[in-house]
Amino acid sequence: MPGGYNHGMLPADVSDISFPKPIADKLHAYYKRYYLDTLGLPDWEDRIMRRRREEHFFAKPIMAFMERSLGIPLDGKRVLVVGCGTGGECVYLASRGAGVIGLDLSSEAVGILRDK
């Protein structure tokens, strides 16, 4: 979409993405239950890898898109992220000095966010 965020594009080499093992294990279990057990998707393992890549690579472009759309920088602002999931955007915003509150229906996802 012109001027928007293309969620399907991934950087070429993302093979070295890692979280500390306890967080990586929780992310894997959480997304396995969602993609395999809940949705029954045959490509669930690929989707988990893409999800981990999104956590690492896409929070910054998503927030840049939001800032352009809103016309204000989010550094140091108070931000409410509704549907935060495991929190890639929340972590990124907090690293820029924002006070972030993440809300999600999944207490497990919010727990993973807290661990991050």
Checklist line | Single match in 47, 53 (criterion: under 10 Å from the mean Cα position of the chain (by Cα) and either free of Cβ contacts under 8 Å to residues at least 12 places away in the same chain or at negative phi (or both)) | finding: 53
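Conditions (1) small (Gly, Ala, Ser); (2) in a helix (DSSP H, G or I); (3) at pLDDT 95 or above, marked per residue:
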residue	(1), (2), (3)
18	yes, no, no
42	no, no, yes
47	no, yes, no
50	no, yes, no
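So, in region 74-103, how many residues would count as being of a type outside the set (Val, Ile, Thr) and closer than 19 Å to residue 48 by Cα?
Residues in region 74-103 being of a type outside the set (Val, Ile, Thr) and closer than 19 Å to residue 48 by Cα: 6 in total.
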Check: Can you pull out the residues in region 89-116 that are surrounded by fewer than 13 Cβ atoms within 10 Å (Cβ to Cβ), modelled with pLDDT under 95 and either closer than 19 Å to residue 27 by Cα or in contact with a helix residue (DSSP H, G or I) (Cβ under 7 Å, 6 or more places away or on another chain) (or both)?
Finding: 114
Check: Which members of region 20-40 meet the condition of being assigned to a helix (DSSP H, G or I), without any contact (Cβ under 8 Å) to a residue 60 or more places away in the chain and open to solvent by 40 Å² or more (accessible area, probe 1.4 Å)?
Finding: 21, 25, 28, 32, 33, 34, 36, 37, 38
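Looking only at region 66-87, count every residue that is under 15 Å from the mean Cα position of the chain (by Cα) and either at pLDDT below 95 or part of a loop (DSSP other than H, G, I, E, B) (or both) and tell me the total. It would help to see each step written out before you state the result.
Restricting attention to region 66-87, the residues satisfying the condition of being under 15 Å from the mean Cα position of the chain (by Cα) are 66, 80-87.
Next cut, either at pLDDT below 95 or part of a loop (DSSP other than H, G, I, E, B) (or both) only: 66, 83-87.
Residues flagged as under 15 Å from the mean Cα position of the chain (by Cα) and either at pLDDT below 95 or part of a loop (DSSP other than H, G, I, E, B) (or both) within region 66-87 amount to 6.
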Margin query: I want to confirm something. Restricting to region 60-88 and keeping residues that are in contact with a Gly (Cβ under 8 Å, 6 or more places away or on another chain) and under 19 Å from residue 30 (Cα atoms), which single residue is surrounded by the most Cβ atoms within 10 Å (Cβ to Cβ)?
Written below: 87
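The values are calculated or read from the model by the stated rules, or taken from the named source; none is laboratory data. All of these numbers come straight from a predicted model, not from anything done at the bench. Don't worry about glycine lacking a Cβ; one is built from the backbone with ideal geometry, like all the others, and counts go over all protein chains shown. Side chains included, ligands, DNA and RNA excluded: accessible areas come from the protein's heavy atoms. Shrake-Rupley method; radii C 1.70, N 1.55, O 1.52, S 1.80 Å.
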